[in-house]
Amino acid sequence: MVQVLLRLRRLFSETNSALLALPLLLPLAPTAHAQLLDQLITTDIPGTANEAGVTVLSRRRPDYDSLGMRFGSFLLHPELRESVGYDDNILGTKSGSGSTLVETNAVLRADYDHSDATARAVVSVDDFRFVSRNSQSYTNWTASVGGAYTIDRDQLSASYDHLTLNQTPRDLEAPQLGSPLEYRIDVFRAAYKAMFNRWYLQPGISLSRFDYDNGGVNGARYLQTFRNRDVAMPSLTVGYELAPRRNVVLVVRDAVADYSNAAPLQAKRNFNDASVLAGIDYDADSTWRFRVLAGYENRSFRSGQYKTIQAPTVETAVIWNPNGLTTLTGLLTRHVQDSADETVAAFTETALIARIDHELQRNILLQGRAGIYQDDYSQGHGSQSLYRVGASATWLINRNLQLVGSYDFTGRRSGGSTSQGVTGPSFDSNRFMLTLRVAL
């Protein structure tokens, strides 16, 4: 399973307004998960006011949305964000060690729209510089391209994503790394959606590759290349439209993973992960919206050294629009994940996220957010929790400039132990940031 909140990166990617709010959402995502919910059920609907499905973040703002640059059938949206702030615990330790933080984020998006086909390509670079401890500085970058082609009422879609990311000492499942540890993910997806009146049938395939670097912890070598793997995931989705904006789906999928390396004295983690999920997307009079996928997951390993893991799986979103100026969103996810520890094959992660967005004025957006993440390791190796609370205010100066002030608290609590100390120590940290965004 591809790990993100690609997690919340795609949750509000439908409009320019959503992209403006992206820096406010990212602090809640400790890892990058690709939500199946977003692949199968439509996300927020862009609009101009109180239309069904429109939220504070997805609303179009004609006076403040950047126009982009048109080249023939392509529309380019370049964007640059420069942030400066302070973090009082960049190493994720009990005592804490602070540093000034300078973050530079650049994004270039290209959209193509035709009567029968649509496509989008995005390239982003996110650089973090810690002035007082440069060894903890790192750069993430991503590139993606995808599109869909309409054939009568059917649709063929495909996408490719590359992510170069870094694991830091502050993350869940991270020990006291001497420096950030880079890893790479490549994902190819393809699907064909065949329509039969209100029914649709969608077979699909996802092919993923995970590639990790080794690092160091307190002068000792920290191994991660045993996590390198290829994963093939065929799936079949059956959907039915009860009414406009009220749909149900059934998903059957099977992931087969082939690991290229084994940890010392351990077997390869090759596994078969089968799951069945049922879901609903239900809009109740445009005030409440429920989006749910729930089911069961079974991960069995080829080697008898690792025990089979079975767990309920869920991806749920509840969106409440009490009025045209406020949106409350709740997210609940639960998945089986690959472990960074050489003796623990996998763990179950449960995440609960809550967010409130408020349009104070047409060009002043406020946000409050909170998240709880719980990792429960298999084979009696304990657990780890991450707590995040934050708030931000966004001033849309004009369609090209925006200023964001934000605060985020992070707390990690660890219990149990693993052979490499993956769960890391408990810590608290505070981060203050001021961001200037320039878009064309």
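Computed from the coordinates by the stated procedures, all read-outs in this text should not be read as laboratory data. Since the model is a prediction, treat every value here as computed from it, not as a measurement. Virtual Cβ from ideal backbone geometry, glycine too; neighbours counted across all protein chains shown.
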Exercise for the section: Can you work out which of the residues in segment 184-208 that are buried (at least 21 other Cβ atoms within 10 Å of the Cβ) and more than 14 Å from SER144 (Cα to Cα) is nearest to the chain's Cα centre (by Cα)? Expected result: SER206
Problem - Scope segment 211-221; condition under 16 Å from ALA174 (Cβ atoms) and of a type outside the set (A, V, I, L, M); matching residues - result: TYR212, ASP213, ASN214, GLY215, GLY216, ASN218, ARG221
Handout entry: Residues satisfying the stated conditions in segment 84-140, i.e. small (Gly, Ala, Ser) and within 18 Å of ASN166 (Cα to Cα)
Key = GLY92, ALA106, SER124, SER135, SER137
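Yes or no, residue by residue, for (1) buried (at least 18 other Cβ atoms within 10 Å of the Cβ); (2) basic (Lys, Arg); (3) in a strand (DSSP E or B):
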residue	(1), (2), (3)
GLU79	yes, no, yes
LEU108	no, no, yes
SER115	no, no, no
ALA119	yes, no, yes
VAL123	no, no, yes
PHE128	yes, no, yes
SER135	no, no, no
TYR149	no, no, yes
Handout entry: The one condition in (1) farther than 30 Å from VAL438 by Cα; (2) part of a strand (DSSP E or B); (3) of a type in the set (Val, Ile, Thr) that THR343 fails to fulfil
Key = (2)
Exercise for the section: Those residues that are in contact with a Phe, Trp or Tyr (Cβ under 6 Å, 6 or more places away or on another chain) and either part of a strand (DSSP E or B) or under 13 Å from GLY279 (Cα atoms) (or both), I need them from segment 221-257; list them, please. Expected result: ARG229, GLY239, TYR240, ARG246, VAL248, ALA257
Practice task
Tell me, yes or no, whether segment 293-305 has at least one residue that is farther than 28 Å from GLN176 by Cα, surrounded by fewer than 20 Cβ atoms within 10 Å (Cβ to Cβ) and in contact with a Phe, Trp or Tyr (Cβ under 8 Å, 6 or more places away or on another chain).
Solution key: yes
